[in-house]
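The values are calculated or read from the model by the stated rules, or taken from the named source; none is laboratory data. All of these numbers come straight from a predicted model, not from anything done at the bench. No Cβ is skipped: glycine too gets one built from the backbone with ideal geometry, and neighbour counts run over all protein chains shown.
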Amino acid sequence: MPGEELRELANRAVAEIAGAADDAALEAARVKYLGRKEGALSEATKRIAKLPPGEKPAYGAAVNEGKLRIERALEERTRALREARVARDLGGEREDMSLPPRRVRVGRLHPISQTVREVSRVFATMGFETVEGPEIEWDYYNFEALNIPPGHPAREKWQTLWISNPLGDDPSRPLLGRTHTSPMQIRVMEQRRPPVRVVIPGRCYRYEATDAIRESIFFQYEGLAIDEKLTMADLKGVLFSFARQIFGSDRKIRFRIDYFPFTEPSAEIAFDCFSCEGRDPECRVCGGDGWIEAAGCGMVHPDVLRRVGYDPKRYQGFAFGGGIERLAMLRTGAPDIRLFYQNDLRYLEQF
Ligand code: PHE
């Protein structure tokens, strides 16, 4: 009764497979019954050849049937083990479709970035292109080309963070963190022929103690216009329009004489206080002065023009530079510049 034997063999195999605890046990059972070399079913198959011809078909059919049952049992157990593993990994978790979704936090621009963009946008309305330049600068661009040679007393106006020169510490080419955006006047003029109309926002560095209105790292915006027949009236017009676009159409603007080595004449610009309009002696914005100092400016010095190869008889122009944080404080009502850089989201998220 070889057929009977085979059925029992298959029964045993199916039971063993169903009880396999893991993949390894399952594989061992597969080899034991279906393995090519010593698998029990393979042995049975080999035996077919030795049977008398009359018994071959029945026996062959029994072998095949046994094989099929074992294969099916293997497949089933494989799937069951995989499902058990997934369930275990999920720790029995289920999706709870009734849970409210997690809140998506939408980011936004930092108030300083907003102000930089606003400045660029306003000057763009007057034909100024925004360009940027290096924060690590040569002494030449930051000072010398701006009529501030070594030893010039005006250097003290810009407390400087010097940087050891990685290109061999050549003391004749000192590096620094730019103390203002004015070096970009030179870089732009070196690269372009007039007419020039650019605005340059960017980070600056000064060796300075921090307080409510000063940071050692801060942003400035620089403006430069060079053309034939530009005058101080053009400078005034541009800054007047800027003040009114930023702070409203009633703004007045005050020019007072000032000194910068790279402009002549030079001026300091102030806006009339948009908060108290000069009427509140205790005003928190202007300190009761009625005016808010905003920028330095002037007509570009002929020596500066000559240095970049412009003919000062044909071309002249104006430049201005002011602090971005200052504008941002005025725009947002921030009482302290340090609030911008503490990066406390409870503060920054208001804007
Ligand atoms: N760079 C000057 C400063 O930082 C401001 C300035 C810019 C003055 C352009 C005149 C012209 O104080």
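Tabulated results
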item: Filter pass, Arg103 being touching a residue at least 40 places away in the same chain (Cβ under 8 Å), more than 30 Å from Pro194 (Cα to Cα) and charged (D, E, K, R); result: no
item: Conditions (1) without any contact (Cβ under 8 Å) to a residue 12 or more places away in the chain; (2) within 13 Å of the ligand (Cβ to nearest atom); (3) not polar (S, T, N, Q); number of the one not met by Gly237; result: (2)
item: Flag if Ala225 is closer than 19 Å to Tyr315 by Cβ, crowded, with 21+ Cβ neighbours inside 10 Å and small (Gly, Ala, Ser); result: yes
item: Residue within the range 224-244 that is modelled with pLDDT of 95 or more, within 15 Å of Gly133 (Cα to Cα) and assigned by TED's automatic domain parsing to the domain that holds Ile292 present; result: yes
item: Residue that is surrounded by the most Cβ atoms within 10 Å (Cβ to Cβ), among those in the range 1-57 that are polar (S, T, N, Q) and without any contact (Cβ under 8 Å) to a residue 12 or more places away in the chain; result: Ser42
item: Residues being surrounded by fewer than 16 Cβ atoms within 10 Å (Cβ to Cβ) and either away from the ligand (no atom under 16 Å from the Cβ) or β-branched (Val, Ile, Thr) (or both) - total across the range 255-274; result: 1
item: Filter result for Val119 (buried (at least 16 other Cβ atoms within 10 Å of the Cβ) and closer than 30 Å to Glu190 by Cβ); result: yes
item: Pick from the range 58-67, criterion without any contact (Cβ under 8 Å) to a residue 40 or more places away in the chain and small (Gly, Ala, Ser), ranking: surrounded by the most Cβ atoms within 10 Å (Cβ to Cβ); result: Gly60
item: Selection status of Asp303, in contact (Cβ under 8 Å) with a residue 24 or more places away in the chain, surrounded by fewer than 17 Cβ atoms within 10 Å (Cβ to Cβ), in the same structural domain as Pro265 (by TED's automatic domain parsing) and of a type in the set (Asp, Glu); result: yes
item: Pick from the range 129-162, criterion part of a helix (DSSP H, G or I) and within 31 Å of the chain's Cα centre (by Cα), ranking: farthest from Pro302 (Cα to Cα); result: Asp139
item: Spans of helices (runs of 4 or more DSSP H) in the range 282-351 with at least 2 residues closer than 21 Å to Ser216 by Cβ and either within 12 Å of the ligand (Cβ to nearest atom) or out of contact with any Leu (no Cβ under 6 Å at 6 or more places or on another chain) (or both); result: 324-332
item: Residue check, Val198 in a loop (DSSP other than H, G, I, E, B) and either among the hydrophobic types (A, V, I, L, M, F, W, C) or touching a helix residue (DSSP H, G or I) at 6+ places or on another chain (Cβ under 8 Å) (or both); result: no
item: Selection from the range 209-228 of residues that are part of a loop (DSSP other than H, G, I, E, B) and either within 13 Å of Phe320 (Cβ to Cβ) or in contact (Cβ under 8 Å) with a residue 12 or more places away in the chain (or both); result: Thr210, Ala212, Ile213, Glu215, Ser216, Glu228
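Conditions (1) within 11 Å of the ligand (Cβ to nearest atom); (2) touching a residue at least 24 places away in the same chain (Cβ under 8 Å); (3) surrounded by fewer than 20 Cβ atoms within 10 Å (Cβ to Cβ), marked per residue:
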position	(1), (2), (3)
Gln185	yes, yes, no
Arg192	no, no, yes
Pro195	no, yes, yes
Pro201	no, yes, no
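Listed here are the residues, each with its yes/no results for (1) touching a Cys at 6+ places or on another chain (Cβ under 7 Å); (2) among the charged types (D, E, K, R); (3) at pLDDT 95 or above.
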| site | (1), (2), (3) |
| --- | --- |
| Phe255 | no, no, no |
| Pro261 | no, no, yes |
| Arg306 | no, yes, yes |
| Met329 | no, no, no |
